[in-house]
Amino acid sequence: MAKNGIIKLHYEGNIVTDHRVTARTLGKTLIHLQNALDRAYLETKYGNLWKHARMRGEDYLTADFTALYPEEGGFIQKLTSTSDVGKKLVDRISRAMKPAVEKLMQEGEEEATSISQQLETRKVQVAKGIVEPKGFEEIFDKPDKKMIRSYGDRSINREIDQVLSIIRSPHAGESTMELSVVGEKSANYNFNKYTSEKFHKIVSKREIGSPVLYVVQVRVLDRERLNGKVKNLVNDKTSLLHFSSEEDFIKAHPYLANKKEMVFIGAPLIEYGAFDPNAGDIYFLDLVK
């Protein structure tokens, strides 16, 4: 067992030359691995993780891992922790990765429905009264059935997916990466181009949740990107609001100028079965008349 937690990376294939990798490859790998550790640390510290959670100066000493000298055998890089919580952090990363890795080992591909199709379905359901929007407070007590995992899982896997983008790159050829974690438990995760692409599809899956009633103040609108920032007047948190069309965007625009509260029906954007109910992204469905 590791005293304080170990992460080991093992690259093989075209990405390695004379037991070395490029500074770009190593830099991207270490940055996103440390980001995953930071996500795990913040969740451990606060009991949950939210979208805009940030590390403080005093957190770094506990969450930082040290890079040891690279080893031969392809290219091997170990990271170790000197913190008492180091093992908890690598175990948390492993718990986040395990379901996604198990799913990618299954045969077949899931049929994906586009966000635009899902939005049109939601709009029809709301317009015809097939689905009644929940009050904002209800999504905490009765979360959407599509919300099957914590926001921490999604956030950690997003960082791991960035590491795996190195293997997916055309420049990587037929390269592989083994990620080994040693905490209270040990696990090995092996990826090649195909499995890294499948991992990406799994952890990037985006779905539109059930309609919710929001009361907000519009802070920023961007016509080119068809999005904006709104402050939820119930919890005082800021969310990114997406519009599916310029017609919907125009409905919200007057509320930016007059600063009046906007009451609208929105649908949470659920990514990899997770959503931050306090400050997660929302899709605009319609104004409440």
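The values are calculated or read from the model by the stated rules, or taken from the named source; none is laboratory data. As the structure is a computational prediction, the values presented were derived from the model and not from experiment. Virtual Cβ from ideal backbone geometry, glycine too; neighbours counted across all protein chains shown.
Taking the residues in segment 23-63 that are crowded, with 17+ Cβ neighbours inside 10 Å and over 20 Å from the mean Cα position of the chain (by Cα) as candidates, determine which candidate is farthest from S165 (Cα to Cα).
Selected residue: T62.
Against the definition (over 30 Å from V101 (Cβ atoms) and of a type in the set (F, W, Y)), how does Y194 come out, yes or no?
no
Given the criteria free of Cβ contacts under 8 Å to residues at least 60 places away in the same chain, touching a strand residue (DSSP E or B) at 6+ places or on another chain (Cβ under 6 Å) and assigned to a strand (DSSP E or B), does L241 qualify?
The answer is yes for L241.
Kindly indicate which of A274, A172, A279, A187 is in the same structural domain as K98 (by TED's automatic domain parsing) and either among the basic types (K, R) or modelled with pLDDT under 95 (or both).
Testing whether each residue is in the same structural domain as K98 (by TED's automatic domain parsing) and either among the basic types (K, R) or modelled with pLDDT under 95 (or both) leaves just A172.
Within segment 230-241, restricting attention to residues that are surrounded by fewer than 20 Cβ atoms within 10 Å (Cβ to Cβ) and of a type outside the set (S, T, Y), which residue is nearest to the chain's Cα centre (by Cα)?
So the residue we want is L240.
Looking only at segment 24-52, which residues are in a loop (DSSP other than H, G, I, E, B) and within 20 Å of D91 (Cα to Cα)?
Within segment 24-52, G47, N48, L49, W50 qualify.
Mind listing just one residue for me: the one in segment 61-77 that is touching a helix residue (DSSP H, G or I) at 6+ places or on another chain (Cβ under 9 Å) and in a helix (DSSP H, G or I) and, of those, farthest from I6 (Cα to Cα)?
Once the filter is applied, the top-ranked residue is T62.
Contact list please: Cβ distance under 6 Å, first residue in segment 60-78 and without any contact (Cβ under 8 Å) to a residue 12 or more places away in the chain and farther than 17 Å from I93 by Cβ, second residue assigned to a loop (DSSP other than H, G, I, E, B) and of a type outside the set (S, T, Y), pairs at least six apart or on different chains.
none
Would it be correct to say that Y214 is of a type in the set (S, T, Y) and free of Cβ contacts under 8 Å to residues at least 60 places away in the same chain?
no
Is it the case, given these coordinates, that H10 is touching a residue at least 24 places away in the same chain (Cβ under 8 Å), over 19 Å from R158 (Cα atoms) and touching a Pro at 6+ places or on another chain (Cβ under 9 Å)?
no
Looking only at residues that are among the small types (G, A, S) and over 21 Å from the mean Cα position of the chain (by Cα) in segment 247-271, which one is modelled with the lowest pLDDT?
For segment 247-271, the residue satisfying everything is A257.
Can you spot a residue in segment 7-18 that is of a type in the set (F, W, Y) and surrounded by fewer than 19 Cβ atoms within 10 Å (Cβ to Cβ)?
no
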